[in-house]
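Nothing in this text is a laboratory measurement; each read-out follows from the coordinates by a stated rule. On a predicted model such as this, the values are computed, not experimentally measured, just so you know. Neighbour counts run over all protein chains shown; Cβ positions are idealised from the backbone, glycine included.
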Amino acid sequence: MNVVIVGCGRVGGFLAGLLDAEGHHVSVVDIASTSPARAERAWFQHLPSTFKGETILGDGTDLEILRQAGVEKADALLALTEGDNRNLMAAQIAQKIFGVRRVIAKVNDPVRAQIYRRQGIDTFSRTTILGTLLFAMLMEDREVGEVLIKKSLEHEKDLAHEPAPAG
Amino acid sequence: MYFIVAGAGEVGFHLAQALLEAGHEVTVIEADRRRASFVQEKLGSIVLNEAADEGRAQMEAGCSRADALVAVTGDDAKNLVICQLAKYHCHTPRVIARVNNPKNEIVFKTLGIDETISSTRVLMSVIEQELPTGGFLPLMPLTGSQLELIEAEIAPGTPPAGRTVGSLKLPSGAVVGGVVRRGKVVHPHDETKLEVGDRVIVFAPTATEGEVRKALFG
């Protein structure tokens with residue numbers, strides 16, 4: 001699969017690493033932030049050192065940047081920045097302007113997530129997913145929690161084997 | 001009429017003030033507490049101190065009975081979502097978005113927001129109208145389509161001067177809708193010969209603006 005990921009925070013970087021390791025072609029877009037706190041750090045610090053895909057520095061709601069990231073031949077786009085609105089805009093551009101088949105937006109506000117899902121934009125809310133999972137763990141509801149937790153613990157083990165990035 | 005103004009920066013504040021002065025009912029939604037109390041001090045109790053991109057705040061502002069909602073924050077993605085939420089969630093009959101990056105006008109239209117205002121584009125139009133030779137003026141986007149209306153004055157030494165309308169190398173989808181010659185409208189045919197000083201009105205897909213400019217100015 002050709003996958004474009006907009007937003008390379010912890011989740012974006014983690015997912016890009018998983019897909020890349022499975023042999024998919026991944027392009028990651030992250031905004032050139034002007035905040036000094038951010039500028040001191042590496043842009044794509046959350047990507048694993050083994051990452052073989054593309055990194056594009058720019059605004060993921062800009063058509064030209066998305067084209068550079070290969071959105072025109074992408075099978076999927078995931079919008080995972082910290083901004084719900086930016087994610088919704090990037091996802092809609094991918095779906096309605098570039099015709100990307102599979103589009104998913106991270107929308108932390110559950111109300112907004114639901115409204116856009118009804119409009120045909122696949123959304124997920126960290127708030128409800130994490131909250132539901134924590135609830136299931138507390139209640140020892142194995143059906144809901146177990147598979148997901150087992151899977152993520154496996155991924156964590158893989159990450160821990162990674163050599164620490166230089167510097 | 002009842003209007004909701006989302007965002008109380010300079011644009012939102014003065015817009016709300018003007019609407020009130022024109023006798024309309026207005027609610028301003030502003031997330032910043034200090035800015036919200038400033039507006040409240042100046043304009044009265046018409047301010048809702050909430051984030052306008054939250055469905056709950058829009059409901060509280062009464063967006064389902066509003067005649068129109070205008071999103072004028074400085075963040076394009078936020079303005080898009082504010083307008084879409086009002087449209088999808090509250091069924092507000094009319095939504096208008098301020099677009100800071102003029103390139104986003106076409107994006108907003110494609111995503112269902114027909115009415116957009118770009119101050120950059122308005123300023124560019126004014127500036128370009130003032131320039132002596134660059135008489136190329138994108139007049140307005142056409143509601144409900146990805147087309148726009150362009151006016152261009154035929155300048156000496158440009159490709160169309162003295163040539164026919166049919167010989168213009170306009171991009172596909174662009175047509176000459178009229179020619180204004182010495183203050184009168186001429187109905188254009190392919191054989192209509194263009195003269196220096198003619199003002200040509202072109203309907204064109206917004207994305208092809210650059211090609212239209214090239215066809216008319218070389």
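Computed from the C-beta positions of B:Leu123 and A:Met1, the FRET efficiency with R₀ = 45 Å rounds to 0.55.
The calculated pair-distance distribution of chain A uses every alpha carbon pair, bins of 10 angstrom beginning at 0, and gives 10, 35, 36, 17, 2 percent. Between A:Ile93, A:Ile121, A:Ile129, the residue with the greatest mean-square fluctuation in the GNM of chain A (Cα pairs under 10 Å linked by springs) is A:Ile129.
Normalising the average separation of contacting C-alpha pairs (under 8 angstrom, six or more residues apart) by the number of residues puts the relative contact order of segment A:2-125 at 25 percent. The DSSP beta bridges internal to the protein assembly as shown are antiparallel in roughly 35% of cases. Would you list which lysines come within 28 Å of B:Lys42, measuring only between C-alpha atoms, while excluding same-chain residues fewer than 8 positions from it? Partners found: B:Lys78. Under a Cβ-Cβ cut-off of 12 Å, what is the net charge of the residues other than A:Thr123 that fall near it, where Lys and Arg count +1 and Asp and Glu count -1? Neighbour charge sum, excluding A:Thr123 itself: +2. With neighbours defined as other Cβ atoms within 10 Å of a residue's Cβ, the residues B:Cys90, A:Cys8 order from fewest to most as B:Cys90, A:Cys8.
Label sites at A:Glu64 and B:Val196, each approximated as a point 7 angstrom past Cα along Cα to Cβ, lie 3.5 nm apart. Shielding value for B:202-209 is 0, the average number of Cβ atoms from other chains within 10 Å of each residue's Cβ. Note on chain A: GNM, Cα springs under 10 Å; of A:Ser27, A:Ser125, A:Ser49, the largest mean-square fluctuation is that of A:Ser49. Across peptide B:86-92, the average count of Cβ atoms from other chains found within 10 Å of a residue's Cβ is 2.
Between A:Glu22 and A:Phe135, the contour length at 0.36 nm per residue exceeds the alpha carbon distance by 37.6 nm.
By the beta-carbon count within 10 Å of each Cβ, the least crowded to most crowded order of B:Ile29, B:Ile96, fewest first, is B:Ile96, B:Ile29. When only Cα pairs below 8 angstrom with a gap of at least 6 residues are kept, chain B shows a relative contact order of 13 percent. Restricting attention to segment B:95-218, lysine pairs at least eight places apart or on different chains and with alpha-carbon atoms under 27 angstrom apart total 10.
Counting other Cβ atoms within 10 Å as a rough exposure proxy, the listed residues B:Leu170, B:Leu216 run B:Leu170, B:Leu216 from fewest neighbours to most. Pair-distance distribution P(r) for chain B, from all Cα-Cα distances in 5 Å bins starting at 0: 1, 7, 14, 15, 14, 11, 9, 9, 8, 7, 4, 2, 0 percent. Cross-link reach is defined here as a Cα-Cα straight distance under 26 Å, omitting same-chain residues fewer than 8 places apart; for A:Lys151 the lysines meeting it are A:Lys52, A:Lys106. If R0 is 41 Å, what FRET efficiency do you get for B:Phe38 and A:Lys150 from their C-beta distance, rounded to 0.05? Efficiency at R0 = 41 Å is approximately 0.15. Highest GNM mean-square fluctuation among A:Gly131, A:Gly83, A:Gly13, for chain A modelled with Cα contacts below 10 Å: A:Gly131.
Within 10 Å of the Cβ of each residue in A:84-93, the mean number of Cβ atoms contributed by other protein chains is 6.
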